[in-house]
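Could you have a look at this structure, given as structure tokens, before my questions?
Computed from the coordinates by the stated procedures, all read-outs in this text should not be read as laboratory data. Note that the structure is a prediction, hence the values are computed from the model and not measured. Virtual Cβ from ideal backbone geometry, glycine too; neighbours counted across all protein chains shown.
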Amino acid sequence: MKKKINIWLVSAGLAVLLVAAMTVCSTVGVVRFDLDELLHSPIFWRLRLPRVVLSVLVGASLSVCGATYQSVFRNPLTDPYVLGISSGASLGAAIAIVLGLQSYLWGIGAMALLTALLTIVLIFKIASTGNRMHTTTLLLTGVCLTFLITAVISLLMAMHHDKMESIIFWTMGSFASASWMDVAIVLPVTLLGLAVVLYHSKDLNLLLTGSETAQSLGVEVEKVRRRLLLFTTLMVAFSVSACGVIGFVGLVVPHCVRLVCGSDNRRIIPYSIFVGGLFLLLCDTGARILIPPNELPVGSITSLLGAPMFIYLLYKSKRRL
């Protein structure tokens, strides 16, 4: 009972911190507002607020997806970006742009979801031998698929110069064009995915012990694994469809949370929701204000922070690889 109360108290504290950060970040930028001006500013309601909300949703989504993949694959180095799933979703978005599907409500999201699902199926097929998932093969598969997808996207840009700017947007990641429509599309998918992962947080702990042990403890391993991968891939796909590829959020945040609260996914998952939202919110705010009036791609900032973390984890785990 005490543990549950502590989880709720910490989550409530993180939620208050996140709301406070959202309020402050909404006031800074090229156009600055006093708090009493916020409620009367069209810039705040139409541009700044949807951007802040979307960055929080995507940060929470990618962080929880990273924590889930690390437990499902039993590998601390996995996240949607490293595995190539984000790149797979961006390929679908690029194809949708070339085909002119962005004018349809679910055009980009549906294509991003399809290619993301195909990517994770390929990963399973290549990296699995029976019921075992080889760590080295898993990482190499993600890297190779990322290079392959990058090459295909480059070809699409070379063949369709008029679509190049839009495609580059997806490959670099940005919230510059965030709108309430994007929030409306991403929000239900994110809430549903988070609910599913939270429901299975105890099962994620058991999956870390191995498929056989988890099965003996009552977990329907394959059913739970497929469900988690489906909903997390869904979250990644729709996040990418709204803002493009943003790397390493799913790697950095879960590990930072794990360092503080331990390896229990019943804590890691809810805390990652708020910490991930806060992390990407701050990165996007930095992207807006570091070199005014120009704007940096938020994906470059998260990669600058995440790549050293990945190298450290790879170095730390090299004996097991």
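Given the chain reduced to its alpha-carbon atoms as identical point scatterers, what log10 I(q)/I(0) does the Debye formula return at q = 0.07, 0.10, 0.11 Å⁻¹?
Calculated log10 I(q)/I(0) at the listed q: -0.27, -0.55, -0.67.
Continuing with this model, one more query. Between Thr27, Thr209, Thr233, which gets the highest mean-square fluctuation from a Gaussian network model of the chain, Cα cutoff 10 Å?
Sorting by GNM fluctuation, first place goes to Thr209.
Give the share of C-alpha pairs in each 5 angstrom bin for the range 142-292, from 0 to the last occupied bin, in whole percents, shortest bins first.
Reading the bins upward from 0: 2, 8, 13, 18, 18, 16, 12, 7, 4, 2, 1, 0.
For the chain, modelled as a GNM with alpha-carbon contacts under 10 angstrom, which of Val53, Val152, Val197 fluctuates the most?
Greatest mean-square fluctuation among the candidates belongs to Val152.
For the range 77-206, report the translational diffusion coefficient in µm²/s to the nearest whole number, using Stokes-Einstein at 20 °C, 1.002 mPa s, and a Kirkwood Rh over Cα pairs.
132 µm²/s
Take Cys144 and Met309, extend 7 Å from each Cα along the Cα→Cβ direction, and tell me the distance between the two endpoints in nm.
If labels sit at Cys144 and Met309, their model points lie 2.8 nm apart.
While we're on this one: Over the chain, what is the relative contact order in percent, taking alpha-carbon pairs closer than 8 angstrom and at least six residues apart?
Relative contact order here is 31 percent.
For the chain, what does the helix formula give at 222 nm: sum of -39500 (n - 2.57) over DSSP H segments with n ≥ 4, over the residue count, nearest 500 deg cm²/dmol?
-24500 deg cm²/dmol
Would you please put 251-260, 84-93, 210-219 in order of how densely packed they are, using the mean number of other Cβ atoms within 10 angstrom per residue and starting with the highest?
Result, highest mean first: 84-93, 251-260, 210-219.
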